[in-house]
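See structure below.
Readers should treat all values here as calculations from the given coordinates under stated rules, not as data from a laboratory. Here the structure is a predicted model, which means the values were calculated and not measured. Don't worry about glycine lacking a Cβ; one is built from the backbone with ideal geometry, like all the others, and counts go over all protein chains shown.
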Amino acid sequence: MNELKTFCRVIVFFFEISDCQETEQSAAIYVAELTISKIHEAYKEGDYSSAELVGAYLERISTLDSTINSITAINPKALSIAKELDAEYLRTGTLRPLHGIPIIVKDNINTAGLPTTAGSLALENFIPAEDAFIIKRLVDAGAIILAKSNMAEWAFSPMHTESAIAGTTRNPYNTNYVPAGSSGGTAAAIAANFGAIGLGTDTGNSIRGPSSHCALVGFRTTLGLVSRSAIVPLYLRNDVVGPMGRTVADAAKILEVIAGYDAADPITEHAKGKIPQNYTQFLLKEGLEGARIGVLRVLSDDNPHPEIKVLFEQALAELDSLGATVIDPITVPDFESLRQNQWCASFTEDLETFLKEFVKVDSLRSIEDIIRIGSTSEFAANRVKRNAANSGRWENPEIPCLDAYKDSRRVSFRVAIEKMMDSLKLDAIVYPSWNHPPARIELFSEEYKGDNSQIISPHTGQPAFTVPMGFTGDELPAGLQFLGRMYDEPTLIRLAYSYEQGTKHRRQADLQKSLN
């Protein structure tokens, strides 16, 4: 009996061991689809320890990541950290908010003692001495940084996830397809259950796009709510960091820890006085009852794929059945003109600041050094050169490029949207995160279509969350996006959670099938 119990505690993935079910069901570690709440409940019940859970995730990565290529580095201290947290719990009887929760971190966020490469050869040997502000907060809350994840090199590509460091990441739902970019490694890893939850960054699409393509929840929060310090930038004026998880509840718990003022990121000054005591209070199953949701047809009807259109219309019906009033369509005055001339090329300035502040290597100070070192990715190499040759606004360069609170074009775009929302008493606006399914890896540039995430929130600064809304006939995921007012994450959490709980669209990727 004891021998069988020990055997059963090893690791259980997609499959179940019948003898274990009959004798020691509670002793098995079912890593697939675990949530933070379920993990903490297991710790309290003594079903398994943090060290055992970390071991289970590491074994799963070792067994299955060759299929999707999502992980770039494993934290060699993960098991020892887990053991320390187990000892703390035995001593205190208290679990910290993220006690023993294994997290996957995108490879552009500084993590002490682990490579932070942004997928590039230039930063291949860069190992930060200190954690980024948000990583410190996660660690203080008890989280375990389990691994770093692959990304589109320098975060340039919303289309696919390819880097000189790790190559190409594949979608766990069908490995012939992309997980989008640039946080595709985090998305693929969390969808494949290689960790409890992950962190991504989003300059235009890079949290919400991969989350949509991998049947995940992805939070792009209000620009200013979460610190971006010690994160390799793309365009800092647009960059946001946020959670990518399998449930809205898990994402809300991560946001609760990382939101807040950081003196090293001045834009977070705007968040003071706008953060509730906690975000989990807004996880209301009936949260859509009485809500007013606007449908932005200028996005959803822009040449949609037939199957995505069907899924979106189904989502609208689901919102209605869950108690929301769906206002369809809504119109933002001058939308087409307001959306123009929003992008600014700040990569050179932002990256060189990062190199000076954190990397501190004489031979790596400028974008010319990046070009000299080169890349195995033709796409990334071309994007670096393009950015080196440009600065300021891509169109109408005479208009200054400022942050979301000062830039005249950005403020005008946001004011028009929020004024329309106020006039109709809307709680949120919805549209598909993508109007098309994931592209095939070999044809990613030709099949890159329907990316709605780039159009509004990276420029206006507004929060936008994506939640699974179903699958195409080819079992490729699709996401529904909720756009809200500045700092109105509470409302978006309430609506997204209610939709998630009322539909249960997410289902697990079958990586085991890909191995056969």
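Within the set of other residues whose C-beta is less than 14 Å from the C-beta of V257, count the net charge using Lys and Arg as +1 and Asp and Glu as -1. Intermediate results must be reported in sequence, preceding the final value.
Values: positive: R96, K136, R137, K253; negative: D131, D140, D250, E256, D262, E489.
My count for the surroundings of V257 gives -2.
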query: Going through the range 32-81, which GluC sites (Glu not before Pro) have at most 15 other Cβ atoms within 10 Å and a DSSP loop state?
result: E33
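What's the longest piece of the chain with no exposed chymotrypsin sites (Phe, Trp or Tyr not before Pro), counting a site as exposed if DSSP puts it in a loop and it has at most 15 other beta carbons within 10 Å?
Result, exposed sites excluded: 16-393.
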- prompt: Simple spin-label model, 7 Å along Cα-to-Cβ: A317 to S363 in nm?
  reply: 6.3
- request: Residues in the range 332-348, backbone N under 15 Å from the label point at K419 (7 Å along the Cα-to-beta-carbon vector): list them, ranges by number please.
  value: 332-339
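Pick out, in residue order, every one of the trypsin sites (Lys or Arg not before Pro) in the range 49-94 that is DSSP loop and has at most 14 other C-beta atoms within 10 Å; say none if there are none.
Filter output for the range 49-94: K77.
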statement: Within the under-12-Å Cβ sphere about G113, not counting G113, Lys/Arg +1 and Asp/Glu -1 give a net charge of 0
Candidate aspartates and glutamates for bridging to K513, where Cα separation is under 18 Å - those fewer than 8 sequence places away on the same chain excluded: E16, E33, E59, D65, D474, E475
field: Residues of type lysines that K425 reaches as a straight line, Cα spacing below 22 Å, ignoring anything fewer than 8 places off in the same chain
entry: K274, K285
field: Efficiency of FRET from Cβ geometry, E446 and I373, R₀ 22 Å, rounded to 0.05
entry: 0.15
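Hand me the trypsin sites (Lys or Arg not before Pro) from the range 424-479 located in a DSSP loop with no more than 12 other Cβ atoms within 10 Å, in residue order please. Provide the component values of the computation, followed by the final result.
Working: sites: K425, R440, K449; in loops: K425, K449.
Passing sites in the range 424-479 are K425.
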Set of lysines with alpha-carbon distance to K449 below 22 Å, sequence-local pairs under 8 removed: K309
- prompt: If contacts are Cα pairs under 8 angstrom and at least 6 residues apart, what is the relative contact order of the range 31-515 in percent?
  reply: 18
- request: Divide the volume of the convex hull of the Cα atoms of the range 409-516 by its number of residues and quote the answer in cubic angstrom per residue.
  value: 131
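Please report, largest first and rounded to whole Å, the three semi-axes of the ellipsoid equivalent to the range 145-279, where each semi-axis is the square root of five times an eigenvalue of the C-alpha gyration tensor. Walk me through the intermediate numbers first.
Values: eigenvalues 126, 56, 25 Å².
Semi-axis lengths for the range 145-279 are 25, 17, 11 Å.
Which entries in the list K253/K406; K77/K136; K38/K504; K44/K148; K136/K253 go over 26 Å, if you measure between the two C-alpha atoms of each? Don't skip to the end; give the middle numbers.
Details: K253/K406 31 Å; K77/K136 16 Å; K38/K504 17 Å; K44/K148 28 Å; K136/K253 16 Å.
Listed pairs above 26 Å: K253/K406; K44/K148.
Does the range 332-461 come out rounded, prolate or oblate by the C-alpha gyration tensor, with a ≥ b ≥ c the root eigenvalues, rounded set by a/c under 1.5 and, if not, prolate when a/b is larger than b/c and oblate if not?
Note, shape of the range 332-461 comes out oblate.
Of all alpha-carbon pairs in the range 31-515, indicate the percentage at a distance above 41 angstrom.
That fraction is 11 percent.
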message: How charged is the neighbourhood of A215? Take every other residue with its Cβ under 9 Å from the Cβ of A215, and add Lys/Arg as +1 and Asp/Glu as -1.
response: +3
Dipole magnitude of the range 31-515, debye to nearest 20 (Cβ charges: Lys/Arg +1, Asp/Glu -1, about Cα centre): 420
